[in-house]
1. I'd like the accessible area for residue 248, computed on protein heavy atoms only with a 1.4 Å probe and all protein chains in place. Round to 10 Å², please.
2. Accessible surface of residue 87 in the full protein assembly, 1.4 angstrom probe, to the nearest 10 Å²?
3. How much FRET efficiency would the formula 1/(1 + (r/R0)^6) give for residue 306 and residue 119, where r is the Cβ-Cβ distance and R0 is 25 Å, rounded to 0.05?
4. How much length is gained on full extension from residue 274 to residue 109, taking 0.36 nm per residue of separation minus their Cα-Cα distance?
5. Roughly how many nanometres apart are two label points built 7 Å out from the Cα toward the Cβ at residue 97 and residue 82?
6. Could you pull out every residue, at least 5 positions away or on a different chain, whose amide H is within less than 5 Å of the one on residue 128? Hs are placed 1.01 Å off N in the peptide plane, and Pro or chain starts have none.
7. Would you pull out the residues with amide H under 5 Å of residue 42's amide H, same chain only if 5 or more places away, H placed 1.01 Å from N?
8. In nm, give the distance between the simple-model label positions of residue 72 and residue 321, each being 7 Å from the Cα along the Cα-to-Cβ direction.
Amino acid sequence: MKRTTLAAAAALTLSAALLTGCGSTKDTGAGPAAGGGGQGGKVGVGLPLLTSPFWQAYNNYVPTMAREQGVDALPTVNSNSDPTQQITDINNLLNQNVRGLVVAPLDSAAIVAGLNQAERKGVPVVAVDVAPEKGKVAMVVRANNRAYGEKACAFLGDRLKKGKVVQIQGDLASVNGRDRSQAFRDCMRSRYPDIKVLEIPAEWKAEKAASGLDSLLNANPDLKGVYMQAGGVYLAPTLQALRSKNLLFPAGDPKHIAIVSNDGIPQEFAAIRKGEIDATVSQPADAYARWGMYYIKQAMAGKTFQPGRTDHGSEIVRLPSGILEDQLPAPLVTKENVNDRSLWGNTVSR
């Protein structure tokens, strides 16, 4: 997906639609936001963590996509998985007189304090990957996380039919963790009643995934499937736990434990090719950075948006909170399409 010319063309196409009043991303005619200073000014970018290859990739895409969109982005700041630190980071960026913020929230509720600070200063915010529970944001750039859980459920359910599966959950303080968990659980209950779902609340932390899976395997050596909600932090500990129990068998072996993941990092693709895992849902790290920069530039210029189909293969939806979310495509990757060069995980090094 990381093609400079294609990205520029996509951005220009969407910009043309905006300026001519076509489609769901049209200009509503609003003037520049208070304190927004038109399209100029520095933009602060907040990261939730850098221990995951997914967020490392996103971090690397940010300056590239900022240049493509003509956004003057400051060096990224990393909150190190600490929601309190993330609020401090936002306040520090606001004190540097940034004119816009692009933030990936750690906690959907806790982030509201930072959003309120930005609103008081007239600074627009774009949220990436995680939707806040409330507060003012110009746009959430995200994929449909319920679809992640449903795709993982369908993949495992169709192959296993019955037995035990475990979902290694993300942080349930995040809407992403809740959406993926509930969708997987609901799908299994309604479509595959002979499959028993076990759960490990791992909070996006590798050590919690490792200890939780080790204990679960001791009690359930007959486990048939695993759904990892974040391959960036759960892939290595999951494979190590299975290996230590002599349960890591390649795809095609009758004793193989089926594994589906989320993220789309190169390490997951390598594991699919080896037969260690079976599939992953590719979160668009490149598109998160691209459209995060696009929307903050437009928000700084006073543009607003409406629900509907976009010109870049996604759909803007209005969440129950009233916040708008651009739901970007996130394809399922299996051995059949793992070498597709349009997948961002095939365009970056491990």
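The values are calculated or read from the model by the stated rules, or taken from the named source; none is laboratory data. Values in this document were obtained by computation on a predicted structure and should not be read as measured data. Note that we place each Cβ from the backbone using ideal geometry, even for glycine, and neighbour counts take in every protein chain shown. Note: areas computed on protein heavy atoms with side chains; ligands, DNA, RNA excluded. Shrake-Rupley method; radii C 1.70, N 1.55, O 1.52, S 1.80 Å.
1. Accessible surface of residue 248 is approximately 40 Å².
2. 30 Å²
3. Rounded to the nearest 0.05, the efficiency is 0.75.
4. Result: 55.4 nm gained on full extension.
5. For residue 97 paired with residue 82, the spin-label model returns 2.8 nm.
6. Distant-sequence amide H within range of residue 128: 103, 104, 141.
7. Those lying under 5 Å, H to H, from residue 42 are 99.
8. Placing both labels 7 Å along Cα→Cβ, they lie 3.0 nm apart.
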